[in-house]
Every structure is written in C-alpha cells, then in structure tokens.
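Heads up, the thing below is written out as structure tokens.
The values are calculated or read from the model by the stated rules, or taken from the named source; none is laboratory data. This structure is a prediction, so every number in the text was calculated from the model and none was measured. Positions of Cβ are backbone-derived with ideal geometry, glycine not excepted, and every protein chain shown enters the neighbour counts. For the accessible areas, the whole protein counts, side chains as well, though only heavy atoms, and no ligand, DNA or RNA atoms are used. Shrake-Rupley method; radii C 1.70, N 1.55, O 1.52, S 1.80 Å.
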Amino acid sequence: MKILFTCGGTAGHVNPAVALAQMFQERNPGCEVLFVGADGGMETRLVPKEGYEIQTVTITNFRRSMAPAAIGHNVKTLLNMNKSKKQANAILDAFQPDLVVGTGGYASFPVVSAAAKRGIPTAVHESNAVPGLTTKALSKVVDVVMVGFEESRSHYDTPEKVVVTGTPVRGDFFRYTRKEAREKLGFADDKPLVLSVWGSLGAEVMNRQMAQCIALECRDGAPFRHIHGAGRDYHAVVEELRDSGVEKFTEIDVREYIYDMPLVMAAADLVLCRAGASTIAELTAIARPAVLVPSPNVVADHQTKNARVLANAGGAVLLPEGESSGEKLYSLITKLLDDSARRETMSRALRDMGVPDAAEQIYKTLTGLLEKPAH
C-alpha cells in the first residue's frame, strides 16, 4: 500500500496528515508514505522531523487584491501552476500511490487534481469551518471531502461527497482529567485556572493586552491562577509586568512557550486564544470554554468563521481584536469564572460538537475508498 499526503502552509494542515500517516503505518505493515509540499513551505521543515520523506512542487497562492504587487504575484502563480502540474505528474509516475490525500494548503491542488484525473482514489480534509480556495476547487474532482463540522457541509457545491469526520488532535489531549492535570501542575488549592496563548510566535497586540489584564489581576490580589504563553514577546511582557509588581504572585505564570499544552489545557477552566483550526479542534475535543480573539492577519478571515461556529453553538465567546482590551478581557474572565453554570453549558456545547475519535473516522473513510473498485 502506497499513500501520498499533500499539505502545507500551516502546522494545522501538516499535523493531521502526520497523524494519519502514523496510523496507516501502524495498522498496515509495509505501508509506504510520501509527502508533497510547496517549495520553501514550513512543511519542508516539519515533515522530515517526523521521519517522513517530502518532495515539493513550485506553487504559490493567489492574492485577492488588484494592487500592482498582487497582480504581479498572481501572474507568477499562473506560470507556476503549469510547472507544478508537470512536477505533480512526475511525482505520481515515480511513486505510483494507491491513495492521495490533501489536508490543506495550495500545494495540494496540482497533486490531488492530477491524481483525480488518473482515477487514483482521492480525498481532501478541511479543518477550517469555511473552505479555502484550494479545498473548494478540489471538492469538485475528489471522491470524498472530509470536514471538521456539520455546519461546514453547506459551503460545498457537492454536499453528497461531504463526510463529517472532525479534525484529529494529539492523543496527549485525552490523557488527563482536570483533577489529574492540576495535581501534576502542583496546584494544592482549587483556584480556577485561566490559560491564554496567541500562537507559538505570539501576537504583539494581544500580548500587550494580556500584560494589562494580568496587571489588573494583580491589583485585585490574583483571584485566579493564570498561565500565559507570550511567545517571542516574552521579555517585553515580563518587563511590563515587573513594573506592576506581578512577581509577588505565585498564581501568575508567564512562559515564553507552553511545552506541556495538553496538560495545561486539561487543567484550565477557561482558555483565551486565537481560532485556528488546530486550536478549535483541541477545544472541542476536551470541551474547554473559551474566549476567542481571531487573528485579523489570516487569509479570508477564516479564524473569525471558525470562532463564529463555536460562538453560535454557545461554546465560546467571540471577541474581535479591534474590540478587545486588557480591561475587557479581565471583565470577561471574571464574569465567566463567576458563572459556573454558563461554563458548564459552554462545555456541553463543545462536547456535542467534538469528534474525539476524528483520526479513526478519517482512517475508516480513507480505507473505504481503497476498498472501492478502481475508477
């Protein structure tokens, strides 16, 4: 059995593909796996770290703008499409896959579409609530479209191809109960825990707001525990907090990076974060109430669309970055921590949306494609 995964652009596109590759190889001894990404994409660094070979195609995205620079970029993209088509066909000729799976990112387009033309079983997985241009285009030619949410089905022209599988998250997220996680973190009391994180690289605007929020917490005697991941803004945040006397409170824990995220999230009573696909999948998988501040710097504002799905279901509060502030965040935190009934309702809503065995659901869907007669 030979399976080709094509993905890229973000860790949220790469991680599900890696999880599936591992599952196929564990259950099918001798299964060969190849990854295909874009030249220079982060996938060319992430995938080899997981022990897999990756080949690349020369492909760039389309920019939705009429600015001269964007027009020039789009002309280059059109030229690259022809080149990437030839590269994709050469990769398919050499590897001869039995199945081709795209998990997002524009590198998926030339490879999946070329495979579909050959009659090779093909599938795409879209972890965002609203499909991007690549997934939307590929949905017309693949055998099956796998999505994270039932609400996503209506965004496709071929809803009969859509299967709701959820988005895989690492098994570590299911390892601890809240009580076990708090014990492992050394919490002797039952003060609620707030977790805040704005991406592994951090986010300057939100980190400034968190410094203001934490200063207000300290003014009120640190009424709850708070673990904040500041990313590359760590030193600036610590310096600002030092002026607020924050080091006096053991309840406040500002970290450069949260290496034990599954443990900390399991212990948390409330999470403040962005609304990327991986984060949304983690929140729904373990049903943690959240205040979502979508990044305004992403393609097609997809984080706001993700956040809206959770907010409409009652599982999260959606707060646009332009309306957010340290004071507003502190007010929201205290209101939610004081209202255990609302947090329980939020958890139930998230639990109803989550698919804890998403990787298993995707595996079954893909093996079902392999069992069908060839086109």
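Sorting 357-366, 139-148 by average packing, meaning the other beta carbons within 10 Å per residue, from highest down gives 139-148, 357-366. Only lysines eight or more places from LYS328 in sequence, or on another chain, were considered; those with a Cα closer than 27 Å are LYS191, LYS248, LYS305.
Expressed as a whole percent, the accessible area of the chain that falls on carbon and sulfur atoms is 51 (1.4 Å probe).
For the listed peptides 283-296, 150-163, 220-233, a ranking on the average number of other beta carbons within 10 Å per residue, highest first, reads 283-296, 220-233, 150-163. For the Cα trace of region 111-266, dividing Rg by the Kirkwood Rh returns an Rg/Rh value of 1.16.
The average projected area of the chain, computed from the convex hull of its Cα atoms over all directions, is 19.3 nm². Annotation: lysines with alpha-carbon distance below 19 angstrom to LYS364 (same-chain offsets under eight excluded): LYS2, LYS161, LYS372. Solvent exposure of the chain, expressed per residue, is 45 Å² of accessible area, with all protein chains present and a 1.4 angstrom probe. Taking only Cα atoms, what is the 0 to 90° angle, nearest 10, from helix 302-313's long axis to the longest principal axis of the chain? Tilt relative to the chain: about 60 degrees.
Listed by chain and number, the aspartates and glutamates whose C-alpha is less than 12 Å from the C-alpha of LYS136, apart from same-chain residues fewer than 8 away, are GLU126, ASP157. Within region 2-60, none of the GluC sites (Glu not before Pro) combine a DSSP coil assignment with at most 10 other C-beta atoms in a 10 angstrom radius. Since only PHE173, PRO223, GLY368 are under comparison, the one whose Cα sits farthest along the positive direction of the charge dipole of the chain, derived from C-beta charges on Lys, Arg, Asp and Glu, is GLY368.
Remark: region 159-239 carries a charge dipole of roughly 220 debye about the Cα centre, counting +1 on each Lys and Arg Cβ and -1 on each Asp and Glu Cβ.
Along region 275-283 the Karplus relation, 6.51 cos²θ - 1.76 cosθ + 1.60 evaluated at θ = phi - 60°, assigns HN-Hα couplings of 10, x, 4, 5, 4, 4, 5, 5, 4 Hz to successive residues, with x for each Gly and Pro.
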